[in-house]
Amino acid sequence: MSEPQGAPIQKIDPPFMLASDVTYQSQPPPQVQVESRGVTYAEAPPQPNVVYVENTPPPAQTVIMQDTYIAPISSPLPTTTTCPNCRNMVTTIVTEVPGSTTYILSVILCFVCFVLAWLPFVMSGCLDKVHSCPICRTVLATVRA
């Protein structure tokens, strides 16, 4: 069996296309000369039973955003606030991490009494408090010691 010559031409009938709808053409379609403003263009004539789809941009969507005021967190204790990331009303999770105050006090204690240099790392008052959202784990604030 010999294969048909030329490129396949597909007829598109919404909503689906069957394999039997594909036909082969042995020669290119006839060209039509169109003259516009003194320039001649070659166009293919419209094909019967072919759906032509024009590319149109999607309609513009209107997005309404509400600005909500989120109070700054300054307490070292868990605080109820609105998370700016997930927009839920949450009570923050507080994690204590060593900050600059911890390291400065540790260096001072190292010069005074070397044995006490570790003390600022276990004292809650010398550690920074990091507030984070319990739902999305976003860091909301850091309270310095």
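The values are calculated or read from the model by the stated rules, or taken from the named source; none is laboratory data. What you see is a predicted model, and the numbers here were worked out from it, not measured in a lab. Please note: Cβ atoms are built from the backbone with ideal geometry, for glycine as well, and neighbour counts cover all protein chains shown.
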In segment 89-115, anything loosely packed, with under 12 Cβ neighbours inside 10 Å and not β-branched (V, I, T) is listed as M89, S100, F111, C113, F114
Could you look through segment 119-141, keep only residues that are surrounded by 12 or more Cβ atoms within 10 Å (Cβ to Cβ) and free of Cβ contacts under 8 Å to residues at least 24 places away in the same chain, and pick out the one that is farthest from T82 (Cα to Cα)?
L119
Only one residue in P98, P76 is over 28 Å from the mean Cα position of the chain (by Cα) and at pLDDT 95 or above. Which one?
P98
